[in-house]
1. Could you tell me which residue of segment 116-145 is surrounded by the fewest Cβ atoms within 10 Å (Cβ to Cβ), considering only residues that are without any contact (Cβ under 8 Å) to a residue 60 or more places away in the chain and charged (D, E, K, R)?
2. I'm trying to understand the selection: among the residues of segment 274-294, which are under 16 Å from ILE388 (Cβ atoms) and either polar (S, T, N, Q) or buried (at least 16 other Cβ atoms within 10 Å of the Cβ) (or both)?
3. Only one residue in THR14, THR93 is modelled with pLDDT of 90 or more, surrounded by 13 or more Cβ atoms within 10 Å (Cβ to Cβ) and either closer than 22 Å to LEU119 by Cβ or of a type in the set (Gly, Ala, Ser) (or both). Which one?
4. Using the structure shown, decide if ARG438 is assigned to a helix (DSSP H, G or I) and more than 26 Å from ALA158 (Cβ to Cβ).
5. Does VAL140 qualify as being modelled with pLDDT of 90 or more and more than 17 Å from TYR73 (Cβ to Cβ)?
6. Restricting to segment 238-262, and then to whatever is part of a strand (DSSP E or B) and not small (Gly, Ala, Ser), can you tell me which residue is surrounded by the most Cβ atoms within 10 Å (Cβ to Cβ)?
7. Does LYS355 count as touching a residue at least 60 places away in the same chain (Cβ under 8 Å), exposed (fewer than 15 other Cβ atoms within 10 Å of the Cβ) and in a helix (DSSP H, G or I)?
8. Just to be sure before I move on: is GLN390 in a loop (DSSP other than H, G, I, E, B), of a type outside the set (Asp, Glu) and over 19 Å from ILE462 (Cα atoms) in the structure I sent?
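The values are calculated or read from the model by the stated rules, or taken from the named source; none is laboratory data. Computed from a prediction, not measured in an experiment: that's the story for all the values here. As a convention, Cβ positions derive from the backbone with ideal geometry for all residues, glycine included, and neighbour counts pool all protein chains shown.
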Amino acid sequence: MKKQIISKYILALTDFTSCFLASFFAFCLLYLWSGNIYAFVPSEQLDDRILIHLVLTIFCVGWFWIRLRHYTYRKPFWFELKEILRTLIIIATIELAIVAFSKFYFSRYLWLFTWAIALVLMPLCRILMKKLLIKTKLYVKNTVIIGGGQNAIDAYNALMSESYLGFNVKYFVASNCDINLKKIGIPVISEKRQSLWELVTKKSDQFIIALEDHENEERDNWLRNLSKKHYRSISVIPTLRGLPLYSTDMAFLFSYDVILLRINNNLAKRSSRLLKRTMDIVCSIIFIILLSPLLITLYLLVRKDGGKAIYGHKRIGKDGKYFHCLKFRSMVLNADRVLSELLEKDPEARQEWEKDFKLKNDPRITKIGHFLRRSSLDELPQLFNVLIGQMSLVGPRPIIQDELAYYQEDVSYYLMAKPGMTGLWQVSGRNDVDYATRVYFDAWYVKNWSLWNDIAILFKTINAVIKRSGAY
């Protein structure tokens, strides 16, 4: 418990320091720029402006502490980052209003520099401090998962994928164990061994109740017993697989154990589609301009063998409309003949091709093609598909007609969105995941679309490309 309290105060102090120092760094930049900070704020108003920023910094940390519970609850990285940025933008707007209504001298450069630095510095310091606290075990929280079925396994995998949460799963508690649970290697405690339970758990532990649908009575018993013994950190993971969860509103009927989930299909909203399309147009134009020297260089390198540098492969887009997905050519000129000969001679290659429509050791790929594929640079021409509206920067993986059968009942989700240059599949292992998982990622993306998710996936793509994870 002491470690959790220490971590809480360290994180709050880190946020306060980074937010307050943003104004100091802004003054330093303005001094380096002009040599005189009083050109941006009169000397008689300097103390008042610093005091205003100090009070707003305290309010910001208090908001994180009391309202958003950032120092008490553990939230996934991208969810927490969204709340940090949104709060800072609101605080920046409040400072702008205070300066305007108090009739202080307003310098747009001082205000802009201060909050631009805060928007970068504060999240960065929070992330680095959390990683340091996790590394030193101060922020690590021992976790007990209650359940022995697939829901418990899914809960464990989800927690392990978010190291930012700082959860250390010590035990599973279950009466019946799934065979796959034993493969994880975490000790399993029987519910009946209460004496052992008392020895291995503490009040400061995190308890995750991840029981199955038919175990409602056991779930209620656990909630009652944990509450009676004053365990505070309790979470329940219900078996709601397949439901759109992002932007879903929850309500309940008074005096009844009935939860109402209002499902929001964000991609069905005209405003959401307009926002996504605007982002695609603006970003694709910027990327094309910035990457034009690289695009021209790659075009000339691929053209060396005399063939076309860019080809369009027929793919299925939104609403089932066909389009030509542009790529730098990474294969030899007679690729179709090479493939057919290989599949006739090599049964293993045929089996691999029929499974995923890909070959790990593909003889059709050229020397420059290997580099393009490993670095994902072969997909850069798709920026033009995005610009003209056939694709999106982020979306489901563009597929061919034969692959539609693999989507089965989830094909409707695929056809609801434009295919993307990148997506959940690309940032979650790419070719290292099986086809059923790819379909799951595409369906999840469409059901849970938000602009913030698109931004998160774009940043994750950078990391995936650098690591070249699952690329071939």
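1. LYS135
2. LYS276, THR278, MET279, ASP280, CYS283, SER284, PHE287, ILE288
3. Sole residue among the options that is modelled with pLDDT of 90 or more, surrounded by 13 or more Cβ atoms within 10 Å (Cβ to Cβ) and either closer than 22 Å to LEU119 by Cβ or of a type in the set (Gly, Ala, Ser) (or both): THR14.
4. It is false that ARG438 is assigned to a helix (DSSP H, G or I) and more than 26 Å from ALA158 (Cβ to Cβ).
5. no
6. Here the answer is LEU261.
7. Spelling it out, LYS355 is indeed touching a residue at least 60 places away in the same chain (Cβ under 8 Å), exposed (fewer than 15 other Cβ atoms within 10 Å of the Cβ) and in a helix (DSSP H, G or I).
8. Criteria met by GLN390.
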